[in-house]
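Chemist: I am attaching a structure below and will ask some questions about it afterwards.
The values are calculated or read from the model by the stated rules, or taken from the named source; none is laboratory data. All values derive from a computational prediction rather than experimental measurement. Cβ coordinates were reconstructed from backbone atoms using ideal geometry, including for glycine residues, and neighbour counts include every protein chain displayed.
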Amino acid sequence: MDAYHAALRFAMRTGGRLSDGIRLGYSEGFNAGVMVDYVYRNRPHGVTPLGTFIDRVMLNHPVWRGVRGRRQLLVGQVRTALAEAPGQRLFDVAAGPGSYLFMLPAGVGTLWAGDRDPDEVARGAARVAREGRDDIRFVASDAFDPATWPEPSFDILVASGFFDILDDIEDVRRLLRAGTVGTHPGSRWVLTVMEDHPDLALLRDVLVDWDLGPWVAVTRSAEEVVEEARPLGWEPVAVEREKERLFGVATLRRVR
Ligand SMILES: C[S@@+](CC[C@H](N)C(=O)[O-])C[C@H]1O[C@@H](n2cnc3c(N)ncnc32)[C@H](O)[C@@H]1O
């Protein structure tokens with residue numbers, strides 16, 4: 001670890017904890033669904049005005065701006081997929097609290113939100129109850145195991161912020177195989193990828209992932225995922241990039 005990262009690590013783990021977002025990141029993981037949800041809300045909070053200031057600086061980081069831009073694109077592509085036919089069944093394989101699902105109008109289809117973390121599922125279910133969105137259903141499931149998915153075959157899959165955090169290409173392949181088992185020809189898959197990052201070593205040296213270990217991340221272009229998916233029968237229909245050019249959002253269609 002270089003001196004800059006060592007100093008930043010010390011500062012983040014001490015004074016940085018005045019920021020609600022940084023405290024949340026160190027307790028749940030900076031890539032946990034609940035953390036991403038905090039980033040989407042983009043409302044700085046902290047202990048003391050200094051804590052709120054640190055939180056604002058953190059939320060304004062280009063990567064978090066990119067994450068918010070990614071969500072905008074995701075919602076647009078999911079809306080397009082849902083508009084293709086009435087009553088489609090959608091499954092988000094690693095939804096976290098699935099805040100973008102609540103941005104879709106009610107009645108556009110059946111929206112299933114899966115996550116392996118029971119706390120994320122409980123948070124999502126509580127929001128469903130609060131907002132009366134009985135078209136959204138949260139379920140505990142494993143993205144890699146279609147036998148745990150709530151239905152045998154879906155018209156639309158969503159994977160947001162999930163391909164981005166699979167550092168092993170074998171996991172990408174496992175996920176693509178699972179998604180192929182859990183869909184049919186004609187299904188679409190709306191997914192996000194992290195194509196670039198200003199400082200991956202910072203994630204490893206300074207931040208923690210949801211297991212509270214060093215956050216190991218790799219970048220991967222949308223095209224790389226498309227090439228892995230093609231032999232399984234998936235073809236790209238849309239690829240977009242948010243303003244920071246760090247994240248891509250793609251829709252694939254299963255042609256066979
Ligand atoms: C970075 S968050 C993304 C949350 C949300 N999809 C978004 O884009 O805002 C990644 C989520 O993947 C979930 N997750 C990790 N491994 C999983 C698995 N094998 N199956 C299902 N969910 C998983 C985590 O619990 C976490 O909520």
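Chemist: Could you look through the range 105-124, keep only residues that are small (Gly, Ala, Ser) and closer than 28 Å to residue 83 by Cβ, and pick out the one that is surrounded by the fewest Cβ atoms within 10 Å (Cβ to Cβ)?
Modeler: So the residue we want is 107.
Chemist: It is to be established whether one or more residues within the range 164-178 are within 20 Å of the chain's Cα centre (by Cα) and closer than 19 Å to residue 99 by Cβ.
Modeler: Checked against the condition, which is being within 20 Å of the chain's Cα centre (by Cα) and closer than 19 Å to residue 99 by Cβ, the range 164-178 yields at least one hit.
Chemist: Out of (1) in contact with a strand residue (DSSP E or B) (Cβ under 8 Å, 6 or more places away or on another chain); (2) in contact (Cβ under 8 Å) with a residue 40 or more places away in the chain; (3) of a type outside the set (D, E, K, R); (4) more than 24 Å from residue 110 (Cβ to Cβ), the odd one out for residue 190 is which?
Modeler: All conditions are met except number (4).
Chemist: Just give me the residues in the range 195-231 being surrounded by fewer than 17 Cβ atoms within 10 Å (Cβ to Cβ) and either of a type in the set (Ser, Thr, Tyr) or touching a Pro at 6+ places or on another chain (Cβ under 6 Å) (or both), in sequence order.
Modeler: Result: 219, 221.
Chemist: Looking for something among the hydroxyl-bearing types (Ser, Thr, Tyr), part of a loop (DSSP other than H, G, I, E, B) and in contact (Cβ under 8 Å) with a residue 12 or more places away in the chain - is there at least one such residue anywhere in the range 198-220?
Modeler: Yes: the range 198-220 contains one or more residues that are among the hydroxyl-bearing types (Ser, Thr, Tyr), part of a loop (DSSP other than H, G, I, E, B) and in contact (Cβ under 8 Å) with a residue 12 or more places away in the chain.
Chemist: Do we have any residue at all in the range 161-169 that's within 16 Å of the ligand (Cβ to nearest atom), without any contact (Cβ under 8 Å) to a residue 60 or more places away in the chain and not hydrophobic (A, V, I, L, M, F, W, C)?
Modeler: Taking every residue of the range 161-169 in turn, at least one turns out to be within 16 Å of the ligand (Cβ to nearest atom), without any contact (Cβ under 8 Å) to a residue 60 or more places away in the chain and not hydrophobic (A, V, I, L, M, F, W, C).
Chemist: So residue 127 ticks every box in (1) closer than 25 Å to residue 30 by Cβ; (2) touching a Ser or Thr at 6+ places or on another chain (Cβ under 9 Å); (3) part of a loop (DSSP other than H, G, I, E, B); (4) more than 9 Å from the ligand (Cβ to nearest atom) but one. Which box is left unticked?
Modeler: (3)
Chemist: Grab the helices (runs of 4 or more DSSP H) fully contained in the range 1-95, keeping just those with 1 or more residues being within 15 Å of the ligand (Cβ to nearest atom) and in contact with a Leu (Cβ under 9 Å, 6 or more places away or on another chain).
Modeler: 20-28, 33-41, 62-83
Chemist: Consider residue 192 against the criteria (1) surrounded by fewer than 23 Cβ atoms within 10 Å (Cβ to Cβ); (2) modelled with pLDDT of 95 or more; (3) under 14 Å from the mean Cα position of the chain (by Cα): it satisfies all of them except one. Which criterion is unmet?
Modeler: Evaluating residue 192 over (1) surrounded by fewer than 23 Cβ atoms within 10 Å (Cβ to Cβ); (2) modelled with pLDDT of 95 or more; (3) under 14 Å from the mean Cα position of the chain (by Cα) leaves (1) as the failure.
Chemist: For the range 96-112, how many residues meet the condition of being more than 11 Å from the ligand (Cβ to nearest atom), farther than 12 Å from residue 158 by Cβ and not in a helix (DSSP H, G or I)?
Modeler: 5
Chemist: Now for a separate question. Quick test of your reading of the structure: residue 86 fulfils all but one of (1) over 30 Å from residue 253 (Cα atoms); (2) exposed (fewer than 14 other Cβ atoms within 10 Å of the Cβ). Name the failing condition by number.
Modeler: Among (1) over 30 Å from residue 253 (Cα atoms); (2) exposed (fewer than 14 other Cβ atoms within 10 Å of the Cβ), the lone unmet condition for residue 86 is (1).
Chemist: Within the set of pairs 6 or more residues apart or between chains, which connect a residue that is farther than 20 Å from residue 160 by Cα and touching a residue at least 24 places away in the same chain (Cβ under 8 Å) inside the range 17-44 to a residue that is of a type in the set (Gly, Ala, Ser) and surrounded by 18 or more Cβ atoms within 10 Å (Cβ to Cβ) with Cβ atoms less than 7 Å apart?
Modeler: 18/46; 18/51; 19/46; 19/51; 20/46; 22/16
Chemist: Restricting to the range 232-256, what's the tally of residues that are under 21 Å from residue 67 (Cβ atoms), of a type in the set (Lys, Arg) and in contact with a strand residue (DSSP E or B) (Cβ under 6 Å, 6 or more places away or on another chain)?
Modeler: Looking only at that region, the number is 1.
Chemist: Here's something else I'd like to know. From the list 144, 154, which residue is closer than 19 Å to residue 78 by Cα and touching a residue at least 24 places away in the same chain (Cβ under 8 Å)?
Modeler: 154
Chemist: Which numbered condition in (1) outside any helix (DSSP H, G or I); (2) surrounded by 14 or more Cβ atoms within 10 Å (Cβ to Cβ); (3) more than 14 Å from the ligand (Cβ to nearest atom) is the only one that residue 157 fails?
Modeler: Tallying (1) outside any helix (DSSP H, G or I); (2) surrounded by 14 or more Cβ atoms within 10 Å (Cβ to Cβ); (3) more than 14 Å from the ligand (Cβ to nearest atom), residue 157 fails exactly one: (3).
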